[in-house]
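Worksheet: one structure, shown below.
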């Protein structure tokens, strides 16, 4: 396998060499620690926003599609794409570092936008059943419905697509992001503006976060 160099002399096929690089190691530790802190905060935050009252939007698109339960295909697409990303990260520590920073940046911004835009879910909502994602809500049987603006499912898939290195992997990631974004709308788990905003915000923030990770 041909080795590539794209971070301060780190060869992407070598985690040992990457961790020997002080800058990379420090950035990785910082990113993981902040991510862990966010995971600790999220259950309380989600519990808080679930208790408050918000606005129900009249969404033209949702009025003409669904609702239909796509929980299983959403689960399969999200976690199979995530697994592919971890496999690719085994041979490329740089994309793993970039993804951590992207998730941290996007999650912080998403916490802010959810806080600033109190919304109630569509009355025809079908809750997405995902026992793994639900752990960030505080338990596998807890379902949060008011974390609406913007769509975390869509943005997380788009992060993977934008952090993948190979063209084929990027294509898989973009297809996954499009599929998940479409299905959460059919499930009425998000308003259309949540998915549109997720795409725009993620593209912008990922460019910034990736630079912060490697410079």
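For segment 172-196, residues that are without any contact (Cβ under 8 Å) to a residue 40 or more places away in the chain and buried (at least 21 other Cβ atoms within 10 Å of the Cβ) total 2.
Quick grid of which residues meet (1) buried (at least 23 other Cβ atoms within 10 Å of the Cβ); (2) touching a strand residue (DSSP E or B) at 6+ places or on another chain (Cβ under 7 Å); (3) within 24 Å of residue 64 (Cα to Cα):
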site	(1), (2), (3)
133	no, no, no
152	no, no, yes
157	yes, no, no
163	yes, no, no
169	no, no, no
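Being over 19 Å from residue 133 (Cβ atoms) and assigned to a loop (DSSP other than H, G, I, E, B) is a condition met by at least one residue of segment 37-53. The numbered conditions (1) modelled with pLDDT under 95; (2) in a loop (DSSP other than H, G, I, E, B); (3) in contact with a helix residue (DSSP H, G or I) (Cβ under 6 Å, 6 or more places away or on another chain) are all true for residue 13 except (3). Here segment 105-127 is the region considered, the condition is being part of a loop (DSSP other than H, G, I, E, B) and within 20 Å of residue 51 (Cβ to Cβ), and the residue that is modelled with the lowest pLDDT is 127.
From the list 83, 97, the one residue that fits, being touching a strand residue (DSSP E or B) at 6+ places or on another chain (Cβ under 9 Å), at pLDDT 95 or above and over 25 Å from residue 115 (Cβ atoms), is 97. All conditions in (1) assigned to a helix (DSSP H, G or I); (2) within 19 Å of residue 102 (Cα to Cα); (3) under 14 Å from the mean Cα position of the chain (by Cα) hold for residue 172, with the sole exception of (3). Here residue 24 fulfils each of the conditions (1) modelled with pLDDT under 95; (2) loosely packed, with under 13 Cβ neighbours inside 10 Å; (3) within 29 Å of residue 171 (Cα to Cα) apart from (2).
The lone criterion from (1) in contact with a strand residue (DSSP E or B) (Cβ under 6 Å, 6 or more places away or on another chain); (2) modelled with pLDDT of 95 or more; (3) surrounded by 14 or more Cβ atoms within 10 Å (Cβ to Cβ) left unmet by residue 55 is number (3).
The values are calculated or read from the model by the stated rules, or taken from the named source; none is laboratory data. Predicted, not measured: the structure shown is a model, and the values here were computed from it. Quick reminder, even Gly has a Cβ in these numbers, built from the backbone with ideal geometry, and neighbours come from all protein chains shown.
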